[in-house]
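Just below is one structure, and these are the notes that go with it.
The values are calculated or read from the model by the stated rules, or taken from the named source; none is laboratory data. Source: prediction; values computed, not measured. Cβ placement follows ideal geometry from the backbone for every residue including glycine, while neighbour counts extend to all protein chains displayed. In case anyone asks, the SASA skips ligands and DNA or RNA and just uses the protein heavy atoms, side chains included. Shrake-Rupley method; radii C 1.70, N 1.55, O 1.52, S 1.80 Å.
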Amino acid sequence: MPAPQPAPPVPVDLLCITAHPDDVEISMAGTVLHHVAKGHVVGLVELTAGELGTRGTPELRAQEAEAARQVLGAAFRYQLGLPDGFFRADREALLQVVAAIRRHRPRVLLTNAIRDRHPDHGRASALVAEAAFLSGLRRVELTGADAELPVWRPTTLLHTVQDRWIEPDLVVDITPYWEKKLEALRCFGSQFHDPASNEPVSPISTPEFLPYLEGRMREFGRYLNVAFAEGYTVVRAPGIDDLTTLR
């Protein structure tokens, strides 16, 4: 398994912290593309290398993730090296996520669905939410190179909707970015349908998965009367300055 990459101390507007490589591409790539196009800085962090995945290898998935990062225009992408399938919200894992949040100081933090087919998604969602709170406590101290990072708590925490249906609290129009989202998804060639592959079939490598995903994005798009959208849930109701900006 590849060693965790060094974490660049780059401040961002949006930070996506998810369980596995390809979680962003499946559930929030359009949102990333939309905000990058608006001039916002976006960073990507995975908790694990996805080393327990049915298909591919951690090394190959790391290469695929970097190719997808370039398509998305994210400022950086790296992994924290937590154990795929076995990470829990213990002190060590929480402090690693706290360090990432303090290092990048995002206004908006995006993470996995609150519950899903893959249990890592719900665990990642809870871990990131808890770390986002701890990151704002001045008495939560880090060590080593991260010891001097100032406290930071994101203003907004959003949980995506992934494999299992969850009624969204808000949706983001990604219609102009649908084809680019598919391009980013296809960077993960090891994970999706390939009739020439001899690897075992996984739930996302069937021929039906990408059409299913398209149907989900179209269903969310109906909320806004647009072609495609990505959905999110919130724990705290977000506030806005101008009601006329609502769609």
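Scanning region 38-50 for residues that are out of contact with any Gly (no Cβ under 9 Å at 6 or more places or on another chain) and either among the aromatic types (F, W, Y) or open to solvent by less than 10 Å² (accessible area, probe 1.4 Å) (or both), which turns out nearest to R107 (Cα to Cα)?
We begin by selecting, within region 38-50, every residue out of contact with any Gly (no Cβ under 9 Å at 6 or more places or on another chain); these are 38-41, 43-46.
Next cut, either among the aromatic types (F, W, Y) or open to solvent by less than 10 Å² (accessible area, probe 1.4 Å) (or both) only: 43-46.
Values: G43: 12, L44: 14, V45: 15, E46: 18 Å.
Only one residue tops the list, namely G43.
Scanning region 183-212 for residues that are outside any loop (DSSP other than H, G, I, E, B) and out of contact with any Leu (no Cβ under 8 Å at 6 or more places or on another chain) yields E183, R186, F209, P211, Y212. So which residues in region 195-239 are β-branched (V, I, T), within 24 Å of L110 (Cβ to Cβ) and either open to solvent by 70 Å² or more (accessible area, probe 1.4 Å) or out of contact with any Asp or Glu (no Cβ under 7 Å at 6 or more places or on another chain) (or both), if there are any at all? Passing the criteria: I204, V235.
Among the residues in region 147-166, are any within 30 Å of R91 (Cβ to Cβ), among the hydroxyl-bearing types (S, T, Y) and assigned to a loop (DSSP other than H, G, I, E, B)? Yes, the conditions are met somewhere in region 147-166.
Considering (1) closer than 25 Å to A65 by Cβ; (2) more than 17 Å from the chain's Cα centre (by Cα); (3) not in a helix (DSSP H, G or I), the lone condition that G239 does not fulfil carries the number (1).
Which of the residues spanning region 51-81 are farther than 14 Å from G189 by Cβ, in a loop (DSSP other than H, G, I, E, B) and open to solvent by less than 50 Å² (accessible area, probe 1.4 Å)? G73, A74, L80, G81, listed by residue number.
Specify which of the listed residues (V108, V32, V98) is closer than 19 Å to R153 by Cβ and either without any contact (Cβ under 8 Å) to a residue 40 or more places away in the chain or open to solvent by less than 10 Å² (accessible area, probe 1.4 Å) (or both). First the steps, then the outcome.
Values: V108 fails: either without any contact (Cβ under 8 Å) to a residue 40 or more places away in the chain or open to solvent by less than 10 Å² (accessible area, probe 1.4 Å) (or both); V32 fails: closer than 19 Å to R153 by Cβ.
Exactly one residue qualifies, and that residue is V98.
Within region 170-186, is even one residue of a type in the set (D, E, K, R), surrounded by fewer than 20 Cβ atoms within 10 Å (Cβ to Cβ), within 25 Å of H104 (Cα to Cα) and modelled with pLDDT of 95 or more? Looking for residues that are of a type in the set (D, E, K, R), surrounded by fewer than 20 Cβ atoms within 10 Å (Cβ to Cβ), within 25 Å of H104 (Cα to Cα) and modelled with pLDDT of 95 or more, one finds none in region 170-186, hence no.
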